[in-house]
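Some notes on the structure that comes next.
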Amino acid sequence: MFRYIKRLITSLFQPKQLMMRQNGQVSMMVVPGWLQFIALVLVCGALTWLVISTSAFFKQQKTVNALQAELQTQQRAWAKEKQLLAERLTEQHTQLVTLNEQHTVLSEIVGALPTSITEQADTPAPLPDTDNRVDVDPTVNDAHEFEVHSAELDDAQAALLRTLQTIISARNDQLMAGFNEAGLSLTTDNNTAQGGPYHQVDATLLNAHYTRLIDDSVQLNQLENLLHSTPKMMPVAHDKYYISSAFGFRKDPITGRRAYHKGVDMAGWHKTQIIAPADGVVSKAGKNGGYGKFIEIQHANGIVTRYGHLHTIKVKKGQSVKQSDVIALMGSTGRSTSTHLHYEVLQDKKHINPVKLARVLKRVQ
């Protein structure tokens, strides 16, 4: 077999003579068959290596391209997942901030409820301290658990919101009805002697129910302040007088003619103490025609009280008085038939029935 191959190579690769001319001289060079065969093998090997290397290169390039494509796909998926996670965290943070703001509003409103409500048996209990806020934990990835807990808290806040809305609205309606029945007009935008640091409510985080509750709470506090500062008691102890002449039309005690009585006459013992029915400032103190010795006190909400036929005046003009301070002693000075107090209540120069005012405000306080 080897001999056959040798004979085949010898027959195919005959020695070749190469003529080379250099500097005018011709020389002959013989290329033996075995060298031709080796050269052929080397050339074929080189071509084979080139083909294999080229094929491996393109195959490797295809693999690299596939890996790069897969990497880009994974990067896009990761970026999308990162964006979704950021959006979820932002949404959860917004929910937490909203719940905290609602918590603060409810807690502040419960804390500001007037005693007329807090002394009732069904008043809602105070909420926890609002300084203990919940912060977003970036490691939390259980969105379902977060949604469940936030929904439970939101439902609890909504239930308390409805309870507060019902209680505050009922109290507002009661006070408004009482003031209207008594004939009082209300001015709830009084800004006298107010101030303090500014803490703005972020209304963008609150729905309409919360903003309405805030407004109703503000109105309630204003009405309660008006109730507290409005004369809601008679200026003489209840067991020290009787009504000798009521408010409205009557027969004048001196002329006997029809006349309009702009106050009430409270008859009592000589020198019975007369007290201020509410806080105020004395605007007049002294003699005043048919009133005799006379006092006028300016109260909140444009209300003025007048006291006539006094025996002794115990205050002076410009003096501040508190509710139940003794301001005078009952007498019979001026246009009077006997010892009594002529008591008037006015608002913006309009006379109001003092007995009705005291009765209605006592009922709603």
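The values are calculated or read from the model by the stated rules, or taken from the named source; none is laboratory data. Keep in mind the model is a prediction, meaning the values are calculated, not measured. Neighbour counts run over all protein chains shown; Cβ positions are idealised from the backbone, glycine included. Surface areas here come from the heavy atoms of the whole protein model, side chains and all, with no ligands, DNA or RNA. Shrake-Rupley method; radii C 1.70, N 1.55, O 1.52, S 1.80 Å.
Things to note:
- Per-region count, region 218-261, residues under 16 Å from residue 336 (Cα atoms) and among the polar types (S, T, N, Q): 3
- Residues satisfying the stated conditions in region 12-36, i.e. β-branched (Val, Ile, Thr) and exposed (fewer than 12 other Cβ atoms within 10 Å of the Cβ): 26, 30
- First in region 86-103 and part of a helix (DSSP H, G or I), second anywhere and open to solvent by less than 70 Å² (accessible area, probe 1.4 Å) and among the hydroxyl-bearing types (Ser, Thr, Tyr), Cβ under 9 Å, 6 or more apart: 92/150; 95/150; 96/150; 99/150; 100/130; 101/210; 102/210; 103/130
- If the condition is being out of contact with any helix residue (DSSP H, G or I) (no Cβ under 8 Å at 6 or more places or on another chain) and either open to solvent by less than 30 Å² (accessible area, probe 1.4 Å) or among the small types (Gly, Ala, Ser) (or both), then region 229-243 contributes 235, 236, 237.
- Among the numbered conditions (1) out of contact with any Gly (no Cβ under 9 Å at 6 or more places or on another chain); (2) modelled with pLDDT of 95 or more, the only one that residue 256 does not meet is (2).
- All told, residue 331 meets the bar of being over 51 Å from the mean Cα position of the chain (by Cα), under 26 Å from residue 254 (Cβ atoms), crowded, with 20+ Cβ neighbours inside 10 Å and not aliphatic (A, V, I, L, M).
- Criterion (at pLDDT 85 or above and open to solvent by 90 Å² or more (accessible area, probe 1.4 Å)) met by exactly one of 119, 152, 101: 152
- Among (1) under 30 Å from residue 158 (Cα atoms); (2) part of a strand (DSSP E or B), the one test that residue 217 misses: (2)
- Hits in region 299-310 - residues which are modelled with pLDDT of 95 or more and open to solvent by 30 Å² or more (accessible area, probe 1.4 Å): 306
- Lone unmet requirement of (1) under 24 Å from residue 183 (Cα atoms); (2) out of contact with any Asp or Glu (no Cβ under 8 Å at 6 or more places or on another chain); (3) outside any strand (DSSP E or B) for residue 323: (2)
- Of 9, 5, all but one fail to be open to solvent by less than 80 Å² (accessible area, probe 1.4 Å), in contact (Cβ under 8 Å) with a residue 24 or more places away in the chain and part of a helix (DSSP H, G or I); the exception is 9.
- Spans of strands (runs of 3 or more DSSP E) in region 237-317 with at least 3 residues closer than 17 Å to residue 327 by Cβ and touching a residue at least 60 places away in the same chain (Cβ under 8 Å): 303-313
- Residue check for residue 324: open to solvent by 40 Å² or more (accessible area, probe 1.4 Å) and at pLDDT below 95: yes
- Just one residue in the set 67, 84 is open to solvent by 80 Å² or more (accessible area, probe 1.4 Å), under 49 Å from the mean Cα position of the chain (by Cα) and over 30 Å from residue 161 (Cβ atoms); that residue is 84.
- Scanning region 280-308 for residues that are at positive phi and among the aliphatic types (A, V, I, L, M) yields no hits at all.
- Exactly one residue out of 208, 246 is open to solvent by 50 Å² or more (accessible area, probe 1.4 Å), over 30 Å from residue 154 (Cβ atoms) and either touching a helix residue (DSSP H, G or I) at 6+ places or on another chain (Cβ under 9 Å) or at pLDDT below 95 (or both): that is 246.
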